[in-house]
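Right, one structure below, let's go through it.
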Amino acid sequence: MVPAINLEGGESTFWMRCSKENCNTFVNTYIPQEHQAEVHTDNHKCVGVFGGYGSGKTSCTIQDDQKHMLSTPNGQTVVGSAILAQVEQTYEKELRQDLPKDFVLYENKSKKTYILINGHTLLIKSFYDEELLRSLNSSRIHIVEASAIDHEIFIQLKARLRSLAGAVLELDSEGNVIYDPSTDTFKTKVDWKRIFIESNPSNGWIRDDYLFHSSVIKTYDTNQYYNVLEPDRFYSSHIHPTKLNAYLPSDFIESNSKNKPLWWIRRYLQGSFDYAEGMVYANIYSCFVDDFPIPSSWHRVISTDYGINDPSAWLYGAIDPVSGILYIFDETFVTDNNYETQSDIYWQKFPINIPLGKLWTPPIMDGRSINKRNDFNLKTIGDLFAERKIFLQAAMMDLEARMLKTNTFIDSGKLKIFKSCINLYKEGVNYKFPPRTADGKSQGDKPMDKNNHGVNAMEFMIMAIPENLKNLEHKSYDARGIELKVLKKIQNNDINPYTLYEDTNKSSSQDSRFGSMYGGWERENY
């Protein structure tokens, strides 16, 4: 056997050919490492291959693409990224150094088109405009540097994975293909069409919309955890740290780690999506725990960040008096900013989440919203909720104090969050400071004010409770936010319910609000 001649006219990286004239026997000498072999044997429709620098993900996926092209006559493989140069400098360069020229019938370098002798077409394209992808009819799609493309492009590419060349159709007894009206496609006996999603770890859709919905995640690293809810049976992910590649120089990781921050090492060498570049709460990943039944004896707290023009978030917490840990165990994110809708949801969830007498403090709302007046009738948001018999207390709003105390709770292990709180998870790991400029200068010390209603509600909750939760003062409020130990006095006209609130800057309209509500309270069976 002698090295095969590649498309560049040199020796192929892996292919060998028989030296005898007219033999035409070719052998691929590529031997995958263990982590690469698991990618090759993955039969999911969409396969994510994510990893650190030098982990071998590109070599692995190129070899898999070659196998598909050579075993799928008349199929179509499309490889691309947001910027064509990204594919040219990595994927296409490495492919041309390996693929034997004897396998290629036609190539057009300017149009990035290759046609193999079995009729299979390879197209190398830029994935920047979904309109330019609508004509594709592919049996294999490979997205290089997937983090750089929009999620809408990925959705469009999935719809282009439809070539029948990548499947064996199921036939009836008369030899006719069987049409399945439920899927509007022909039934298949075997289907080997695939999409490869290749990238370094990154925030954005490849994490939130793909990784977090993968039915299988192979990490190779016990320090990585990913919260998966509603897994998609067509999605899988492989996360390869650099250390898995046995063919790298022995000092590769050490030399590339030198003078690098921890988040960079986590992302680019350990292949982790749990990196903390710019994160306000860098260790929030450690907070997420499996759900469990909350003991009825634990006190509860409720907080909300009311969205005037954005979604509102309501969080439910429970305090373990033995360990002194706050558990956020439930969440409600509401896109309807109508206070009546949110009040109805509150009353529906309260008896489920809050045992009788276990609400430790009145529900907490952000101070901006609770005092914001309605343009229609000049009532505040707090007034409107009070009319629905939900009496809220204003949260402490100092941002720096909130971040400091919340980080203290996280770093000391006093905050845990149920994994089912998926919206809070997404917000927490994406809550960041503005990115630095190209010359490394800070653009401010305040977090970016977007997609943060759940995080803000979490901060409000933490600000409302003491540092030491093991010796928690016994307090108890009913569903309306009225302290139970004084409820009897209220009903006997001994005190004004207005005195239950610590805020001394209440308007006269709020005084009249509480007075007008009193008659309704005494008729309720609390």
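The values are calculated or read from the model by the stated rules, or taken from the named source; none is laboratory data. The shown structure was predicted, so the numbers you read here are calculated from the model rather than taken from an experiment. Don't worry about glycine lacking a Cβ; one is built from the backbone with ideal geometry, like all the others, and counts go over all protein chains shown.
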When the residues of region 175-199 are filtered to those that are at pLDDT 90 or above and touching a Lys or Arg at 6+ places or on another chain (Cβ under 9 Å), which remaining residue is nearest to Asn451 (Cα to Cα)?
Ser199
Is it true that Thr242 is touching a residue at least 40 places away in the same chain (Cβ under 8 Å), within 24 Å of Glu38 (Cβ to Cβ) and buried (at least 18 other Cβ atoms within 10 Å of the Cβ)?
yes
For region 422-475, how many residues meet the condition of being among the acidic types (Asp, Glu), more than 14 Å from Ile319 (Cα to Cα) and modelled with pLDDT of 85 or more?
2
Among the residues of region 181-192, what is the count of those that are farther than 26 Å from Ser71 by Cα and either of a type in the set (Asp, Glu) or touching a Pro at 6+ places or on another chain (Cβ under 8 Å) (or both)?
1
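Yes/no matrix, rows are residues, columns are (1) touching a helix residue (DSSP H, G or I) at 6+ places or on another chain (Cβ under 6 Å); (2) in the same structural domain as Cys421 (by TED's automatic domain parsing); (3) farther than 14 Å from Phe460 by Cβ:
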| position | (1), (2), (3) |
| --- | --- |
| Ile302 | no, yes, no |
| Tyr306 | yes, yes, no |
| Ser323 | no, yes, yes |
| Glu331 | yes, yes, no |
| Asp336 | no, yes, yes |
| Asp344 | no, yes, yes |
| Lys358 | no, yes, yes |
| Met365 | no, yes, no |
| Ile370 | yes, yes, no |
Region 323-348 - residue that is within 28 Å of Leu472 (Cα to Cα) and polar (S, T, N, Q) and, of those, surrounded by the fewest Cβ atoms within 10 Å (Cβ to Cβ)
Gln348
Search result, residues across region 1-54 that are in contact with a Gly (Cβ under 9 Å, 6 or more places away or on another chain) and crowded, with 20+ Cβ neighbours inside 10 Å
His35, Gln36, Phe50, Gly51, Gly52
For region 154-168, indicate whether the set of residues that are assigned by TED's automatic domain parsing to the domain that holds Lys93 and in contact with a Leu (Cβ under 6 Å, 6 or more places away or on another chain) is non-empty.
yes
With the requirement that a residue be among the β-branched types (Val, Ile, Thr) and closer than 13 Å to Ile239 by Cα, what does region 34-57 give you?
Val39, Val47, Val49
Please identify the pairs in which a residue from region 125-153 that is farther than 18 Å from Val87 by Cα and touching a residue at least 60 places away in the same chain (Cβ under 8 Å) has its Cβ atom under 9 Å from the Cβ atom of a residue that is surrounded by 16 or more Cβ atoms within 10 Å (Cβ to Cβ) and aromatic (Phe, Trp, Tyr), counting only partners at least 6 apart or on another chain.
Ser139/Trp192
Would you be able to say whether some residue in region 261-273 is touching a Cys at 6+ places or on another chain (Cβ under 8 Å) and either of a type in the set (D, E, K, R) or part of a loop (DSSP other than H, G, I, E, B) (or both)?
no
Condition check for Ser182: more than 29 Å from Ser272 (Cβ to Cβ) and out of contact with any strand residue (DSSP E or B) (no Cβ under 6 Å at 6 or more places or on another chain)
yes
What pairs come up if the first residue lies in region 383-394 and is under 12 Å from Ala479 (Cβ atoms) and at pLDDT below 85, the second is outside any loop (DSSP other than H, G, I, E, B) and among the hydroxyl-bearing types (Ser, Thr, Tyr), and their beta carbons are under 6 Å apart, counting only those six or more places apart or on different chains?
none
Among the residues of region 254-297, count how many are of a type in the set (A, V, I, L, M, F, W, C), surrounded by fewer than 19 Cβ atoms within 10 Å (Cβ to Cβ) and modelled with pLDDT of 90 or more.
2
Report whether or not Leu169 is modelled with pLDDT of 90 or more, among the hydrophobic types (A, V, I, L, M, F, W, C) and over 29 Å from Ile284 (Cα atoms).
no
Being modelled with pLDDT of 85 or more and closer than 30 Å to Lys358 by Cβ narrows it down to one residue among Ser237, Ser250, Ser312, Ser215; which is it?
Ser312
Flag if Gly9 is within 22 Å of Pro249 (Cβ to Cβ) and small (Gly, Ala, Ser)
no
